[in-house]
Amino acid sequence: MLRGFYTAASGMISQQRQQEALANNIANANTPGYKADQTSLRAFPELLLKEMGSQKRLPTTQGELQFPIQTPIGSINTGVYVQETIPNFNQGDIRETGITTDIALVGGTMPDETGSLFFTVQNEAGVVRYTRNGNFTIDGQGFLVTNQGYYVLDDAGNPIETNGMEFEVSSEGILRTPEQAVQLGISYTADVNGMVKEGNDLFAGEAGQVPAGAEFSIHQGYLEQSNVDTMQTMTDMMNAYRMFETNQRVLKAYDESMGKAVSEIGRIG
């Protein structure tokens, strides 16, 4: 009986966490470069049930001993849990904004099946991080920064200074002002599944220089949109809510059965 409590409760907790991930995707449906989170559900290890049957008698030097016979009945699953949350790194749609500080990174052929490209930025702690959100701007000191104020880095790992001047970005990622020309810091990772979300559209992980086999193009005045499918996400949210309600009803049924066992079956006289 208690197994039913734990199984239904684990189902409710898993659906709640899945609902939270889906709600976060919906909330960021209009965030440029946002990558939707996908939850992975996994069942707990199955248990083998055995029936305790009649006694088996075995002769020994000290007399006859009795042993219970265990007859296998079958396996039972003891619940489910959210194993991990993995971002979906599929390319989002490209939208024209006409704003010169908006830059979209469009990836083409990658040498690795799970490879992807990122803009290289520096967070408030001075640590290198990666992003797909090209919604950049110019700060008061003339540096190219993200919408959170993080420095956008060049290929040498230095903040890009525009001195407040107009600039152009080529399809190869070369940013030109009347005074200089620098290469945008584009980083490549061979396995995007190793990248971890940190918030504020940043990712942490292992990334390096773009290999020879990777193809990409830079589009100034464009933004990569979120890759959240809002219609599918709303459908998944409704399914998760229905599954939560189903487990809730199962838990209530077990609770009523336990109540009867205590108040009626266990009554003496």
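For the reader, a short list of remarks on this structure follows.
- In this entry, GLY108 passes the filter for residues that are touching a residue at least 40 places away in the same chain (Cβ under 8 Å), closer than 18 Å to ALA190 by Cβ and over 21 Å from the mean Cα position of the chain (by Cα).
- Residues satisfying the criterion are present in region 37-57 (criterion: of a type in the set (Gly, Ala, Ser), over 22 Å from the mean Cα position of the chain (by Cα) and modelled with pLDDT under 95).
- The set of residues in region 157-170 being assigned to a loop (DSSP other than H, G, I, E, B) and closer than 10 Å to GLN220 by Cβ consists of PHE167, SER170.
- In the set (1) farther than 24 Å from VAL152 by Cβ; (2) touching a residue at least 24 places away in the same chain (Cβ under 8 Å), the condition left unmet by ASP201 is number (1).
- Failed item, numbered, when ALA9 is tested on (1) open to solvent by less than 60 Å² (accessible area, probe 1.4 Å); (2) touching a strand residue (DSSP E or B) at 6+ places or on another chain (Cβ under 7 Å): (2)
- One residue from ILE174, ILE265, ILE218 being at pLDDT below 95 and of a type in the set (A, V, I, L, M): ILE265
- Any hit, region 123-136, residues being closer than 30 Å to GLU84 by Cα, open to solvent by 50 Å² or more (accessible area, probe 1.4 Å), assigned to a strand (DSSP E or B) and of a type outside the set (Asp, Glu): yes
- The single condition from (1) touching a helix residue (DSSP H, G or I) at 6+ places or on another chain (Cβ under 7 Å); (2) at pLDDT below 90; (3) open to solvent by 30 Å² or more (accessible area, probe 1.4 Å) that LEU2 fails is (1).
- Selection status of THR120, open to solvent by less than 40 Å² (accessible area, probe 1.4 Å) and either outside any loop (DSSP other than H, G, I, E, B) or out of contact with any Pro (no Cβ under 8 Å at 6 or more places or on another chain) (or both): yes
The values are calculated or read from the model by the stated rules, or taken from the named source; none is laboratory data. Since the model is a prediction, treat every value here as computed from it, not as a measurement. All Cβ positions, even for glycine, are placed from backbone atoms using ideal geometry, and neighbour counts span all protein chains on display. Just the protein is used for accessible areas: all its heavy atoms, side chains included, with ligands, DNA and RNA removed. Shrake-Rupley method; radii C 1.70, N 1.55, O 1.52, S 1.80 Å.
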